[in-house]
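Below is one structure, written out as structure tokens, with a few remarks after it.
The values are calculated or read from the model by the stated rules, or taken from the named source; none is laboratory data. This is a predicted model, so every value here is computed, not measured. Here the Cβ positions follow ideal geometry from the backbone for every residue, glycine too, while neighbour counts run over all protein chains shown.
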Amino acid sequence: MKPKILVACPIFEDVLAGLREHFDVTDNQAGESWSKSEWMARLSGHVGALTVGANPVDAQVLAANPQVRIVANMAVGYNNFDVPAMTVAGVLATNTPDVLTETTADFGFALLMATARRMAESEHYLRAGLWKNWRYDMFAGAEVHGSTIGIIGMGRIGQGIARRAAHGFGMKVIYHNRSRLSPDLEAECKASYMSKEALLKTADHVMLVVPYSAESHHTIGAAELAMMKPTATLVNIARGGIVDDAALATALREQRIAAAGLDVFEGEPAVHPDLLTVPNVVLTPHIASATVKTRRAMAQLAADNLITYFSRGQALTPLNTVPGRAA
Ligand code: 8YV
């Protein structure tokens, strides 16, 4: 009898077919959204699951599903997991690091460019048939090349953005992180460490790439927005909840900062209604890792974590250590 696993989100058919060779798979190719209680009920009877951010794995879910041995997140971020609770319950947690680093850094840069150069706002204007003549100040935005980017969160993706900024666009790179990079890495990224406050006061563009945790909740709120230059832009490709979206919408409406680019939202897929009514914000639906190649690599790595765990008792990219389960 093959172990039963639940694939909680739609994934590539060939990756699913590969999983079916090893497991009795329940899929969600229909892409149904489940409430927490539905998700807990669906998980019943399965020893493993492939999840995304919408699937919380906490003490309550684990208590209702003591048969679960591994949960493989198809994401590098894992704030939907309570890893200590999973460890206590003997459940292995895995994520998908590395495979999405460069793609996500590309998107961060694209969102910065779109935000600073007002691409979404000007496209809407053109589509609405409002373009009647040329004006010197029509959608004049902020300079990107040669300006100063402040990166908050200098992990792999933050470093990828720093390299693009410094080497591709001649930008000055300043960063804030829980710990400083090694001198070698700082030199490679041409990045200088700063306190968060100094960074917010100095940067022309602020890029958020910090993982979500209780400590990083509302890293950017009204007080931080007030420290930023009135000409500055803010880009969040990290997680909803890192920014106080209500405070941001107010700052954008009052033009206390110039513009924002957001790929992630507090309570997504719901978006704060005030953000939908301000023009100087570019909004995308959590797609920073969304290229076909990268999404395939993420799905395959999550699948391989399940396969290697059940066949060899080890996963490829574990987040915790629990007793192995070799077949
Ligand atoms: C995922 C992400 O696509 O990897 C992450 O942490 O934010 C995205 O790449 C998304 O979280 C799906 O769970």
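A few remarks follow.
- Filter result for ALA93 (more than 30 Å from ALA165 (Cα to Cα), within 16 Å of the ligand (Cβ to nearest atom) and in contact (Cβ under 8 Å) with a residue 60 or more places away in the chain): yes
- Output for the stretch 274-296, where each listed residue is under 19 Å from ALA120 (Cβ atoms), touching a helix residue (DSSP H, G or I) at 6+ places or on another chain (Cβ under 6 Å) and within 16 Å of the ligand (Cβ to nearest atom): ALA288
- Residues of the stretch 100-131 that are buried (at least 21 other Cβ atoms within 10 Å of the Cβ) and within 30 Å of GLN314 (Cβ to Cβ): LEU100, THR104, ALA105.
- Considering (1) assigned to a helix (DSSP H, G or I); (2) more than 11 Å from the ligand (Cβ to nearest atom); (3) surrounded by fewer than 22 Cβ atoms within 10 Å (Cβ to Cβ), the lone condition that VAL271 does not fulfil carries the number (1).
- Qualifying residue in the stretch 297-313 (condition: closer than 20 Å to ASN55 by Cα, within 14 Å of the ligand (Cβ to nearest atom) and not assigned by TED's automatic domain parsing to the domain that holds ALA93): no
- Of the residues in the stretch 156-179, none is polar (S, T, N, Q), surrounded by 13 or more Cβ atoms within 10 Å (Cβ to Cβ) and closer than 13 Å to VAL206 by Cβ.
- Checking each residue in the stretch 32-57 for being under 16 Å from ALA93 (Cβ atoms) and more than 16 Å from the ligand (Cβ to nearest atom) picks out LEU43, HIS46, VAL47, GLY48.
- Some residue of the stretch 96-115 being within 16 Å of the ligand (Cβ to nearest atom) and over 30 Å from ARG163 (Cα atoms): no
- Any hit, the stretch 306-316, residues being of a type in the set (D, E, K, R) and in a helix (DSSP H, G or I): yes
- Listed by position, the strands (runs of 3 or more DSSP E) enclosed by the stretch 1-75 that each have at least 2 residues that are of a type outside the set (Ser, Thr, Tyr) and crowded, with 20+ Cβ neighbours inside 10 Å are 4-7, 48-51, 70-73.
- Test: residue in the stretch 183-194 that is polar (S, T, N, Q) and out of contact with any Gly (no Cβ under 8 Å at 6 or more places or on another chain): yes
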